[in-house]
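The values are calculated or read from the model by the stated rules, or taken from the named source; none is laboratory data. What you see is a predicted model; the values in this text were computed from it and never measured. Cβ sites come from the backbone with ideal geometry, for glycine too, and all protein chains shown count toward neighbours. Each accessible area value is taken on the protein alone, full model and side chains, heavy atoms only, with ligands, DNA and RNA left out. Shrake-Rupley method; radii C 1.70, N 1.55, O 1.52, S 1.80 Å.
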Amino acid sequence: MGHLDHAAFGWLTPVLSYVMACIGAALGLRCTVRALATTGRARRNWLITAASAIGTGIWTMHFVAMLGFAVTGTEIRYNVPLTVLSLLVAMAMVGVGVFAVGYGRNRARALAVGGLTTGLGVASMHYIGMAALRLHGAVRYDLWLVVLSVAIAVVAASAALWAALNIESPVAVAVASLVMGAAVSSMHYTGMLAVSVHVESSADALPGATAMQFIFPLAVGLGSYLFLTSAFVALSPTARERAASAAAQRLTETVA
């Protein structure tokens, strides 16, 4: 049995992964709030941005945390197509969830469908990402911890979407994002506690890419996307600000 180290670089990867989860959640929630205040093409665009932000945030959180994952007695590689698939699945399933909330007429039903779909998307991303692991040995899972991790993902997603439907204050959204970041991180490390590895001695070269060769550059790129999108959302006027600006312009024209 190989010894598993989930924080090979100390607190760096857990803290950084939590920050990335919070940024993705904050951006996704803010975009969802913006979407609910608009209609037509604008709503669709905001929801697409929300899905990409949340999906990117949880994917980046997972693989930043995986940078600190090590198993005694074996190197670790990652299957590139499966790793990319985990990102696409996360974004697609989160997209289904936020669109259910964005266009659902029955809020309770929309929240149930959106929370379940988004939560399963988070869990699917995690376990597809784990399936991308390549090492000398066999990976096994504790079934009950896997079930618990999926339940945490669904509850966290439902809570986040509830916040998007009921909270508009930027401060409240920030608090909700911190809570969701903690929940997503808890889901990840619960899933990792379910893992055990039986190491097998081998001199064969492992297929796939190392974390630093593939995951680190991609995580940095996606992290940059989150920061740039955050800046765009922060600078983009809200529906209330646009309405106030239009009213002020009409008043100016009337006075003139």
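In table form, for the structure just shown:
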{"quantity": "Checking Met125 against (1) over 29 Å from Thr210 (Cβ atoms); (2) aliphatic (A, V, I, L, M); (3) in contact with a helix residue (DSSP H, G or I) (Cβ under 7 Å, 6 or more places away or on another chain), the condition it does not meet", "calculated": "(1)"}
{"quantity": "Number of positions in the stretch 191-231 that are modelled with pLDDT of 85 or more and either open to solvent by less than 20 Å² (accessible area, probe 1.4 Å) or among the charged types (D, E, K, R) (or both)", "calculated": "5"}
{"quantity": "Qualifying residue in the stretch 166-179 (condition: open to solvent by less than 30 Å² (accessible area, probe 1.4 Å), touching a residue at least 12 places away in the same chain (Cβ under 8 Å), closer than 23 Å to Thr38 by Cβ and not β-branched (Val, Ile, Thr))", "calculated": "yes"}
{"quantity": "Long-range neighbours under 9 Å by Cβ, at least six apart or interchain, first residue over 23 Å from Val98 (Cα atoms) within the stretch 138-162, second of a type in the set (D, E, K, R)", "calculated": "Ala138/Glu200"}
{"quantity": "Residue selected from the stretch 1-60 under the condition outside any helix (DSSP H, G or I) and of a type in the set (Val, Ile, Thr), by the criterion least open to solvent (accessible area, probe 1.4 Å)", "calculated": "Thr38"}
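For every residue, the table says whether it meets (1) touching a residue at least 12 places away in the same chain (Cβ under 8 Å); (2) open to solvent by less than 20 Å² (accessible area, probe 1.4 Å); (3) within 15 Å of Ala159 (Cβ to Cβ); (4) of a type outside the set (Ser, Thr, Tyr).
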{"site": "Asn79", "(1), (2), (3), (4)": "yes, no, no, yes"}
{"site": "Thr83", "(1), (2), (3), (4)": "yes, yes, no, no"}
{"site": "Met93", "(1), (2), (3), (4)": "yes, no, no, yes"}
{"site": "Arg109", "(1), (2), (3), (4)": "no, no, no, yes"}
{"site": "His126", "(1), (2), (3), (4)": "yes, yes, no, yes"}
